[in-house]
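First up is the structure itself, then whatever we jot down about it.
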Amino acid sequence: MRTEENHNTVEVAVYAEFRSDWTEALKFYEEAYHTLREIVGVTTRLPPIQRLVEIKSVSEQLHFKISTLLLHSGKVTEAVTWFRQHKNTYRRLVGAPEAILVHWEWMSRQYLVFGELLETSSKATQNFPPVILGSSSKPLSEWEYYPAYYYQLAAHYLSEKRSALELAISMSEIPNEVDIGADSVVPSAYVGQFARLLEEGDNVDMLPLTDEGYTHYAVAEGKRFRDSLEIIALLKKAYESYSGIKVQRMSSFCGFQMAKEYFAEGEIGNAKQIFDNIAILYRTEGWVTLLWDVLGYLRECSRRNGTVKDFVEYSLEMAALPISSDTGVQKDTGPAGPASILQREIVHKEVFELVGEASVLTKNEDSSNLKISADEFVQLEVDLVSPLRLVMFASVAFHEQTIKPGTSTSITISLLSHLPLTVEIDRLEIQFNQSSCNFIIANAQKQHYVEDGDTLKQRTETAPTLSLVSNKWLRLTYNIQSDQSGKLECLSVIAKIGSHLAICCRAESPASLDSLPLWTLEDCTQTVPIKDAVLVFSGLKSTQVEEPDPQVDLCLGASGPALIGEVFLVPVTLVSKGHAVYSGELKINLVDVKGGGLFSPRDSEPYSMESHHVQLLGISGPEGEDESQLDSDNIKKIQQSFGLISVPFIKNGDSWSCKLEIKWHRPKPIMLYVSLGYKPNGYEPNNAQMVHVHKNLQIEGKNAIVINHHYLMPFRRDPLLLTKNKEALESDQPEPLPSNQNTVLVVSAKNCTEVPLRLKSISIEEEDGVERTCSIQHGNEELSDPALLVPGEEFKKVFSVNSNINISKLILGTACLRWRRDLGVEEKSASTATLSSWVVTKQKLPDMNVELPPLIVSLECPPYAILGDPFTYNIRILNQTQLLQEIKYSLADAQSFVLCGYHNDTVYVLPKSEHIVSYKLVPLASGMQQVPRFSMTSVRYSAAYQPSNSSSTVFVFPSKPHFKTAASTIFRVEESVANE
């Protein structure tokens, strides 16, 4: 009755699910599930084992429906709680012992299905609080929210099923007994029921199945499948899931179980790869016991693969693990056995017997692929991050930080091993970056092992014993010397043990020695590699060998600052005072003092030589030296800021010189570094010690000449420029020039250096591709005798500029100055070849705006006046327009003159004509006097004009002067006027 009622409840739940009524479907599924629990003990016609299988199968289907609906509704906690109740209910319903494998398989399937449901649920999330209460009795753990947790337990129960299957097979009296009649068993029409199929002709009958028959069927089905592959797949899913959420420890645990399955299946390559990855985490975390198990498996993987080197490495690492006492009872110890001191010693002896002198094959020769031939050699590398630092590491300390070449110093080599037994070292090879310093330390008790050809070529020291006791430093101190300057560093210490094993340890400094992570947690005394307390904190594995004192003088002979544009010569002189110079090289470097760099290309110009602020042009040798006579091995490389040149052989007491040619394009201070490297002996090999001499000199680059210019109008002749009157107070633009008028351009060159200069010419040249819009007189004339400019002196040259009437802008060109340094007293006696070339300094003259003045005012006044004598003062007003111009003018009174004429008036000037206003003036005082000031205003343009003070000044003599007319006097007057 209860079974029929349960069947009806399931049908109602299915119908509600079909109508998408999830709440109603969940309610009836749960009711059917609880009803099923009530009929577990009710007897039916089925035997007990099959009856339990049927109940579990039906509960599995109902549990699947309930979990799916809960997860679909986003009720993750309720789904996890429901699964816990489900597995707790049926975990103890094991059934008969002979069919227990069916129970474990069913448990594995429950975890697998729920893990997949939890993983694929769209509402499930991986960010859960660490503890969530599922019931008042036992809270839910964080792990129960991760699919990996269920995959892991699914693999665990499947391994239990495999064990039960193996036990059932082994207990059968006939090996194939379990397979008899298994093929005739088929699932029945009802969930969880099986029957035997009987065929008699065309008739097919379904016969009831006994528990014994079902058990045989279950065992036969288990034999058909390889559970190991399924276990590996489940563990792999758990491994990847844990790795995805960064749970490294659980991920490594699942990986370890997976690797064990691979190892059991004989897939050594896959197993070794996973074991290696897990060992990295266990070394970092310091899990010694777990690391012992992993290394045990890796050791067996290497044994099966026949890789001797890997087998030796894993074995030595196992033997050196910090296991000081038994770790207690271990359930699964793996192939390495339990982690204990005794087992460490066994592993230690096994590996050294393998690589020992008398052993060519391992003990278990028939079960191992490890073979070492007579000429095979195993070398292990131990660096700063190698796990083999537990086996052996070397500390090297020089007793002095700097030494002279050829002098000896002490060096201490310290070795430490954590192997459980004492290691006898045959010899130690100490290697340096300078191979000539390498030496060997031989064990006096085993001399016959090291007497070979290599030993005879290197320095060999003998030690009474080279026994490396466990956890105790072996300290060896010897003298060492180097004839080569530079850094002398100990690279490695190679310990050779027997004829088949060498351990190469990277040398470490005591001052920077890192402790071993696994041994720092052990209760053991920490010792230091060297007894000297100072060297413990400051000892280094390297020392600096100083260079021999040079006996060659390097002199830089630059005088005064460098001038922009000239080729500045820096004499370099080498004087031998004890050493002959062989294979000499001279290196030149130009460095910016302020660190800004010597290269700064301008955006407005393409790449050129002048894009470098300072440039090394070349290196010239001594006078009379022909480059064709130099050896073919000579080097001469010149770059923008670097130079390299070979120095010829210089005998002791001789000298050699050259000149550096440097050019400045911008004012910038630089530091000149000159380095000489040479060999004092010619018979030494190519890699012989070089002696270096260094000198530096700071040189300031300065502008030599400052170029200025300004414009002048003809004396007492001023145009009325309308733009000048409108924008004089509003703009900083230069004043425009009148068109179709002669304008005076004055170009000045001022010596702003501390040395005298010679000026050859000042000219105005046209720019490439730009047509000049005016005519210039005296533009390209050179001085007959170069002018001498002392510091601070200014030289001026006058040019006459006449512009065309139909232009709006005056394009003059570029002012070019040719100059050089003055040689002083050697200027006249120096030859043309000795004199430096002329330096050209250019400066572009700015373009000037040009406009046609409507009016031009000219003042006509005698060059001088005589006290009391009247003279005529004319004002000419020229109208250059086509319009009638109305002019208002005025003449102010002056105390020094009596005026005859109108003070104020208005005149009209006809187009293209000139109007003259005349006055009679009588001077009343002598000396430089200001004539009455004239001013006028153009009514049409509202523009005013007033002459300058200089043009309104005249000199009044008290009486009529009498001038000398001698030719020499006239010449001097004209010369003074020209200079002005």
Here the gain from full extension of Val469 to Glu546, 0.36 nm per residue of separation minus their alpha-carbon distance, amounts to 23.9 nm
Highest mean packing first, using Cβ neighbours within 10 angstrom, the peptides 56-62, 471-477 sort as 56-62, 471-477
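Ignoring ligands, DNA and RNA, how do Phe568, Phe963 rank by accessible area with a 1.4 Å probe, largest first? Please list the in-between numbers first.
Details: Phe568 10, Phe963 140 Å².
Largest accessible area first, the list is Phe963, Phe568.
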Measure of exposure for Ile530: accessible area at 1.4 Å probe, Å² rounded to 10, is 10
Residues whose modelled amide H sits under 5 Å from the amide H of Gln741, counting only those 5 or more places away in sequence or on another chain, are Ser803
1/(1 + (r/R0)^6) with r = Cβ-Cβ of Glu794 and Ser583, R0 = 60 Å, i.e. FRET efficiency to nearest 0.05, evaluates to 0.65
Taking R0 as 30 Å and r as the Cβ-Cβ distance between Asn681 and Asn433, the FRET efficiency 1/(1 + (r/R0)^6), rounded to the nearest 0.05, comes to 0.85
Taking only protein heavy atoms and a 1.4 Å probe, the highest-to-lowest accessible-area order of His665, His915, His86 is His915, His665, His86
In the range 378-545, lysine pairs 8 or more places apart or on different chains with C-alpha atoms under 22 Å apart total 12
Expected sort for 668-674, 424-430 on mean C-beta neighbours within 10 Å, highest first, is 424-430, 668-674
Asn849 and Ser373 label points (each 7 Å along its Cα→Cβ direction) are spaced in nm at 9.8
With the 1.4 Å probe rolled over protein heavy atoms, the range 229-356 has an accessible area per residue in Å² of 41
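Top to bottom by accessible area (1.4 Å), largest first, where do His34, His709, His612 land? Each step should come with its number before you reach the end.
Details: His34 80, His709 55, His612 20 Å².
These residues rank, largest area first, as His34, His709, His612.
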With all protein chains in place and a 1.4 Å probe, Ile705 shows an accessible area in Å² (nearest 10) of 20
For Met250, the accessible surface traced by a 1.4 Å probe with all protein chains present amounts, in square angstrom to the nearest 10, to 50
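Which net charge results when you count Lys and Arg as +1 and Asp and Glu as -1 among the other residues whose beta-carbon is under 15 Å from that of Pro464? Don't skip to the end; give the middle numbers.
Working: positive: Arg427, Lys446, Arg475; negative: Glu424, Asp426, Glu461.
With Lys, Arg at +1 and Asp, Glu at -1, the neighbours total 0.
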Surpassing 27 Å at the alpha-carbon level, of the pairs Lys161/Lys309; Lys594/Lys796; Lys668/Lys695; Lys65/Lys138, are Lys161/Lys309; Lys594/Lys796
For Gln481, the net charge from surrounding residues (Cβ-Cβ under 12 Å; K, R +1; D, E -1) works out to 0
Subtracting the Cα-Cα distance of Gln930 and Asn696 from 0.36 nm times their residue separation yields 77.8 nm
Per the rule of 0.36 nm per residue minus the C-alpha distance, extending Thr402 to Lys87 adds in nm 105.9 nm
quick shape note, the range 378-545: Cα extents on principal axes in Å, largest first -> 46, 39, 26
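Tell me the carbon and sulfur percent of the accessible area for the range 855-964, rounded to whole percent, probe radius 1.4 Å. It would help to have the intermediate numbers written out before the result.
Details: 3210 of 5850 Å².
The C+S portion of the solvent-accessible surface of the range 855-964 is 55 percent.
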At R0 = 30 Å the Cβ-Cβ FRET efficiency linking Gln481 and Val385, nearest 0.05, sits at 0.35
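The values are calculated or read from the model by the stated rules, or taken from the named source; none is laboratory data. Since we're looking at a predicted model, the values are computed, not measured. FYI the Cβ positions are ideal-geometry reconstructions off the backbone, even for glycines, and counts take in every protein chain you see. For the accessible areas, the whole protein counts, side chains as well, though only heavy atoms, and no ligand, DNA or RNA atoms are used. Shrake-Rupley method; radii C 1.70, N 1.55, O 1.52, S 1.80 Å.
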